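A short worksheet on the structure shown next.
Only the coordinates and a few stated rules stand behind these numbers; no lab work does. Everything numeric in this text was worked out from a predicted model, so none of it was measured. For neighbour counting, all protein chains shown are included, and Cβ atoms are generated from backbone atoms with ideal geometry for every residue, glycine included.
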Amino acid sequence: MNRTKRYTLPLLLFSQLALAGVPVVQQESSVNCSGYLRAGYMHSTLGLPKKLSVNAVGAELGCSAVVNSYATVHLGAFTSVDTGLNHDHKDDTLDGFLNQDKGSYLMLGEAYLTLSYENIELRLGRQRLDTPHMDSDDLRIVPNLFEAYMAEFKLADSLHTGVGFVRNMSGWENGADQSHFEGVGDVLGGDGNKSWLAWASHEGELVDSNVWYYNIPDHLQIIYADVTHGGQLTNDVSYELGLQFDWGADIGDSRLGNVDSKTWGLSVALNYQQLSATFAYNRNNSNETALSSLGGGAFFTSMEDQTLDAVDGERAEALVLGLEYAASDSLVLGFAAGQFSSRDKANYDVEEIDLYVNYNWQENVGLEVVYAQVNDTNISGEDHQLRAILTYNY
């Protein structure tokens, strides 16, 4: 059976549920369903004479069932479907939308149980995560998803803490087949499926702060911390300041080799009415690369293509300047320019310029278009990238 036709039925089912404009189950029921329909296109030259591209459509259908006042069960199916308009030669098709074989797939991406009692909440199973070094980074057809067992404790209105255990990861950044869950150690480049984490967050009147600890046995341990402060200068002018610190070292059998990262970062944002200007800087004060992440990563300077952990060489640093204009409640236009380099620029020196447009219509339709020009002054030369994602949430 043709691979595209194989996944047409689930996609059409998702479409009918969404476009009907009614809930899958009546509102008085304890079951509620939601999700999205999505279409995407990407293009890149990768510094080569030939051009690479990919397009796909996809969907999510997630349903939650309330068992009682303490327990809820959630199941979510995700699909990404080759439209049939991609290159006949797989080598000309970009990664990111489809599975390892550049084909369509359907997966049970979410399957978790939520247990709540007073100030304690447990979420157990396949789910989205939003942490500094493990996150869903929803920039493709299907987001990164994790098999995780998380417990959060609300100690006060402004103080939360928690612990967790993460086993596997699927999605476009798992380094293998995004349609399957791979062990977190395998995703990092080692092996195994064990990862412990703990965190605490505090929201204060002047400063918000977060601290995270990750322990991936026989791979590495990480301590991440950030603080942010925001305020008003005038009725029209506001600001936000951010500081971050990221420390990592190899542990146990050191299956990733020598890991030694001491990264700090600074961010400044100044807002005047609909206009925002940003400055971000990161530096790794060690002779090893910055810490990689399962997802988009923790650093202030991450851009469409470049991130600090991509810099190969000692004393990596990144500087990003940005300008954003909210033309209306629905339309945002933006520009960012960044430079990523090592101490010896002969080892790594890359410049990137991003132009982006975000448009949201009636709260449930969103369009994101990002163009990136990446110039590697040492190796691959100039690369032009385009990513466009259209999403309908239902």
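A few comments on the model shown:
- Relative protection proxy for 85-94, 265-274, 285-294, from highest mean packing down: 285-294, 265-274, 85-94 (other beta-carbon atoms within 10 angstrom).
- For the pair Tyr213 and Asp88, label points projected 7 Å from Cα toward Cβ lie 5.9 nm apart.
- Subset of Lys51/Lys345; Lys51/Lys102; Lys262/Lys345; Lys102/Lys345 violating a 25 Å alpha-carbon distance limit: Lys51/Lys345; Lys102/Lys345
- Annotation for Gln274 and Tyr70: the two label points, set 7 Å from Cα along the Cα-Cβ direction, are 5.2 nm apart.
- Overall dimensions of segment 230-340 as given by Cα atoms, namely Rg and Dmax in Å: 16.7, 56
- Approximate spin-label separation Ser328-Leu367, in nm, with each point projected 7 Å along Cα-to-Cβ: 1.2 nm
- q = 0.14, 0.17, 0.18, 0.19 Å⁻¹, segment 118-265: log10 I(q)/I(0) [Debye, one scatterer per Cα]: -0.78, -1.06, -1.15, -1.22
- Computed over the chain with a Gaussian network model linking Cα atoms closer than 10 Å, the most mobile of Asp253, Asp137, Asp208 is Asp253.
- The chain: projected area of the alpha-carbon convex hull, averaged over directions, in nm²: 21.0 nm²
- Alpha-carbon centroids, segment 87-118 and segment 288-353: separation in whole Å: 26 Å
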